[in-house]
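First up is the structure itself, then whatever we jot down about it.
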Amino acid sequence: MLKQLIAAAGVIFALTAIAPASAGERQLNAAEIEAALAGNTVDGNWKGTAFKQFFAKNGATTYVAEGSAPSPGKWRTDPAKNQYCSWWQGTGWDCYDIFSDGPDSIIWVVPSDGYRSPSTVLPGNRL
């Protein structure tokens, strides 16, 4: 019985270390951003417009705003600033802070004005 209690306590400790209950949101580092986005799609809303965006592992990305044609771009992370950066024709590179408040939830934050856009990470290409 004591062995089972010790084993159970170890499992609970390990799970708490991985995903603390009610930890709230936290900023992701560059490696975590890459792990969350590479090969996956994000479903969200940007300033009132629904969108989906796929992030290829090779750094290509495709953004599709509701009612609009797909827009190809590029993406990468900036390890020095722990930011996500995207490139679009006509605007060049812009970088954003990425927060998470759950396993499939990210929040894009515009550093210059604090605008926040919650989104859901979906596995694979869902465009």
Return the total of residues in the range 89-115 being at pLDDT 95 or above and either part of a strand (DSSP E or B) or closer than 15 Å to residue 77 by Cβ (or both). 15
Identify, please: which residue in the range 23-63 is in contact with a Phe, Trp or Tyr (Cβ under 9 Å, 6 or more places away or on another chain) and β-branched (Val, Ile, Thr) and is, among those, surrounded by the fewest Cβ atoms within 10 Å (Cβ to Cβ)? 62
Please work out which residue is farthest from residue 30 (Cα to Cα), limiting yourself to the range 51-75 and to residues that are within 15 Å of the chain's Cα centre (by Cα) and part of a loop (DSSP other than H, G, I, E, B). 56
Please go through the range 51-83 and pick out each residue that is under 19 Å from residue 124 (Cβ atoms) and in contact with a Cys (Cβ under 8 Å, 6 or more places away or on another chain). 75
Scanning the range 66-82 residue by residue, those within 18 Å of residue 117 (Cα to Cα) and loosely packed, with under 15 Cβ neighbours inside 10 Å turn out to be 66
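Looking only at residues that are aliphatic (A, V, I, L, M) and touching a residue at least 40 places away in the same chain (Cβ under 8 Å) in the range 91-127, which one is surrounded by the fewest Cβ atoms within 10 Å (Cβ to Cβ)?
Taking the range 91-127 and keeping what is aliphatic (A, V, I, L, M), we get 98, 106-107, 109-110, 121-122, 127.
Next cut, touching a residue at least 40 places away in the same chain (Cβ under 8 Å) only: 98, 106-107, 121-122, 127.
Details: 98: 22, 106: 24, 107: 18, 121: 18, 122: 14, 127: 11.
The selected residue is 127.
The values are calculated or read from the model by the stated rules, or taken from the named source; none is laboratory data. This is a predicted model, so every value here is computed, not measured. All Cβ positions, glycine included, derive from the backbone under ideal geometry; neighbour counts span all protein chains shown.
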